[in-house]
Amino acid sequence: CEPSFPTRRSSDLLFPTSPYSDVLRLSQTLTSTPPPVAPPGAQVALYINYPRTETPFNLSYYLKSHIPLCRSEWGAKGLLDVDVATCAEGPTAVVCTLFFSSPAALGEAMKSEGTPQIMADAPNYTSGTATMSVGTLVAQA
């Protein structure tokens with residue numbers, strides 16, 4: 001499954017000076033999955049799509065270790081909520097949506113000291129390379 005966010009649109013990369021700018025690229029197509037519900041006050045979402053690979057995605061590790069790591073590092077920087085969805089078929093195994101209070105908050109999170117540790121954790125739960133896109137929340141349907 002690929003994410004579909006009909007009431008949202010992708011925006012330009014919000015933190016071009018981040019060391020992770022090359023990793024965070026905009027998706028060209030968004031189709032088929034209902035959008036997650038944004039928490040009150042959210043302005044920006046970071047959508048992370050993990051591909052289906054020969055090695056299964058370690059969802060247990062992701063939920064018990066990686067997401068708490070993200071919350072502990074980025075919670076004070078404007079991370080409001082995290083949604084995780086699994087996909088039964090198609091090229092995507094897991095979609096994660098991280099909601100931030102503002103574009104500046106997302107930028108600060110990406111520049112924080114703990115971000116390299118978060119990025120380096122990926123081999124513990126996936127063998128694939130995630131694609132990421134940033135969306136500006138424009139409506140809640």
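Observations
- Per residue, the solvent-accessible area of segment 64-132 (1.4 Å probe, heavy atoms of protein chains only, all protein chains present) comes to 44 Å².
- Rounded to the nearest 10 Å², the accessible area of ASP81 at probe 1.4 Å: 50
- Segment 46-141 shape via C-alpha gyration tensor axes, a/c threshold 1.5: oblate
- The portion of the accessible surface of segment 98-140 made up by carbon and sulfur, rounded to a whole percent, is 54 (1.4 Å probe; DNA, RNA and ligands excluded).
- Potential lengthening between GLU54 and LYS111 on full extension [0.36 nm per residue; Cα-Cα distance subtracted]: 17.3 nm
- Of the whole protein surface, THR86 contributes about 90 Å² of accessible area at a 1.4 Å probe radius.
The values are calculated or read from the model by the stated rules, or taken from the named source; none is laboratory data. Remember, predicted model here, so these are calculated numbers, not experimental data. Side chains included, ligands, DNA and RNA excluded: accessible areas come from the protein's heavy atoms. Shrake-Rupley method; radii C 1.70, N 1.55, O 1.52, S 1.80 Å.
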